[in-house]
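Written out below as structure tokens is the structure these notes cover.
The values are calculated or read from the model by the stated rules, or taken from the named source; none is laboratory data. Here the structure is a predicted model, which means the values were calculated and not measured. Cβ atoms come from the backbone with ideal geometry, glycine included; neighbour counts cover every protein chain shown. What goes into the accessible areas is simple: the full protein's heavy atoms, side chains included, and nothing from ligands, DNA or RNA. Shrake-Rupley method; radii C 1.70, N 1.55, O 1.52, S 1.80 Å.
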Amino acid sequence: MNHGLLPSAAAALAAAFVFLSPAQPPIAAQTQAPATKAPFSRKAWTQPRTPDGHSDLQGYWTNNSITPLERPKGAGCEGILYGGGISCPYQARRDAPQGKRRKGRPTEPGTAADVHYDFSQFGLDRAQSTLSWDRRTSLIVGPEGTVPPLLPQARKRAAELAAQNRGHEMDGPEDRGLSARCLILPEEGVPMLPAAYNNNMQIVQGPGYVAILHEMNHSVRIIPTDGRPHVPQSIRQWRGDSSGHWEGDTLVVDVTNFTGRNPFRGSGEKLHLVERFTQVDQNTILYRFTVEDPETWDKPWSAELAMAKENGPIYEFACHEGNYGLANTLRGARVAEAEAAK
């Protein structure tokens, strides 16, 4: 839950720019995910710009969505829920109202989407949240609509890690999961996918940089936009190393240097991600990404989702509030061990 107002988020992000290093040569263009026709809105709209001439993406946004990453079984290759499907193989739906900002329950009882999700979270109703509206059956684009199967070496890697951790989950704080230790939570991960709740974010721009403040865990992702090279391969980070540049009105971000200690759906250290942020109308940013990892999947895969305009401000998220949860979890494990030893 949210606890306490985050003081002057924009000022805090701007202050972070002071510690960033100077510009480097731009990187080469990367493969992009299939795009959906823009703009989504039929209203006249002009892309706002920053003083240096780039697209002004600043403001509060949410990627809160009822659309799953993968297409549910039984949907076949149909790409659109109710109101007409699309033919196979996948083609971008040109008349689907994606990215529309709506409040409240997005489907009528009995529709296909109604069976996908529980519309409450921690006692809250979806009617209290802005939804990034999308009628597609999956965020993943393509005829399968699913993440490719793991390669044999990836399955072996995951099995070995699970075997190594089995029976040691409660040995100490280092053995607990990353989210249990508040190191990184799904809502602040890369790629930026919706999770359980607190899916809001704030984008702040400065000369040569874009910063994204995540509501969950109040983390800030700093993206240089001067196309500088990545940090040395010896440096690994929870969310990788981001290097951005502008292609027209689209912010393109190349992300490498991930750590295998924070796998994305079974990925390893060779995970490579290319993100594209394009504002398509006053209330919508189209976010697209392509994922590849030759040690995990036999081909790249892509997804796209709409980020809807949200009302600010962003409130601070307190993950542990004194770290009592982690300490009590480990204390409970010690008590259980003592009782088992009697």
From T256, T225, T290, T296, residue being more than 21 Å from V204 (Cβ to Cβ) and in contact with a His (Cβ under 7 Å, 6 or more places away or on another chain): T256
Residue match in the stretch 245-254 (condition: surrounded by 16 or more Cβ atoms within 10 Å (Cβ to Cβ) and over 30 Å from T137 (Cβ atoms)): yes
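What are the residues in the stretch 255-273 that are assigned to a strand (DSSP E or B) and open to solvent by 10 Å² or more (accessible area, probe 1.4 Å), if any?
To start, the set of residues in the stretch 255-273 that are assigned to a strand (DSSP E or B) comprises 255-256, 258, 272-273.
Selection gives T256, H272.
Here's the yes/no breakdown for (1) in a loop (DSSP other than H, G, I, E, B); (2) exposed (fewer than 11 other Cβ atoms within 10 Å of the Cβ); (3) among the basic types (K, R); (4) in contact (Cβ under 8 Å) with a residue 40 or more places away in the chain:
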{"position": "K299", "(1), (2), (3), (4)": "yes, yes, yes, yes"}
{"position": "A303", "(1), (2), (3), (4)": "no, no, no, yes"}
{"position": "M307", "(1), (2), (3), (4)": "no, no, no, yes"}
{"position": "P313", "(1), (2), (3), (4)": "yes, no, no, yes"}
{"position": "H320", "(1), (2), (3), (4)": "yes, no, no, yes"}
{"position": "T329", "(1), (2), (3), (4)": "no, no, no, yes"}
{"position": "G332", "(1), (2), (3), (4)": "no, no, no, no"}
{"position": "A336", "(1), (2), (3), (4)": "no, no, no, no"}
Which listed residue, of P229, P191, is part of a loop (DSSP other than H, G, I, E, B), on the phi < 0 side of the Ramachandran plot and in contact with a Leu (Cβ under 7 Å, 6 or more places away or on another chain): P191
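Condition first: closer than 25 Å to P152 by Cβ and within 20 Å of the chain's Cα centre (by Cα). Can you find one or more residues in the stretch 307-329 that meet it? Can you show your working first?
Going residue by residue through the stretch 307-329, those that are closer than 25 Å to P152 by Cβ are none.
The answer is no; no qualifying residue exists.
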Cross-chain or 6+ apart pairs with Cβ under 9 Å, the stretch 262-279 first and farther than 17 Å from T62 by Cα and among the hydroxyl-bearing types (S, T, Y), then in a strand (DSSP E or B) and open to solvent by less than 10 Å² (accessible area, probe 1.4 Å): S267/F258; S267/V291
Unmet requirement for W238, which otherwise passes all of (1) open to solvent by 50 Å² or more (accessible area, probe 1.4 Å); (2) within 18 Å of A154 (Cβ to Cβ); (3) among the aromatic types (F, W, Y): (2)
Some residue of the stretch 37-53 being in contact with a Ser or Thr (Cβ under 9 Å, 6 or more places away or on another chain), modelled with pLDDT of 90 or more and of a type in the set (V, I, T): no
All positions within the stretch 197-226 that are outside any loop (DSSP other than H, G, I, E, B) and free of Cβ contacts under 8 Å to residues at least 40 places away in the same chain: I212, H214, R221, I223
Residue satisfying condition, being aromatic (F, W, Y) and in contact with an Asp or Glu (Cβ under 8 Å, 6 or more places away or on another chain), within set F258, F277, F264: F258
Qualifying residue in the stretch 283-293 (condition: modelled with pLDDT under 95 and either exposed (fewer than 14 other Cβ atoms within 10 Å of the Cβ) or not in a strand (DSSP E or B) (or both)): yes
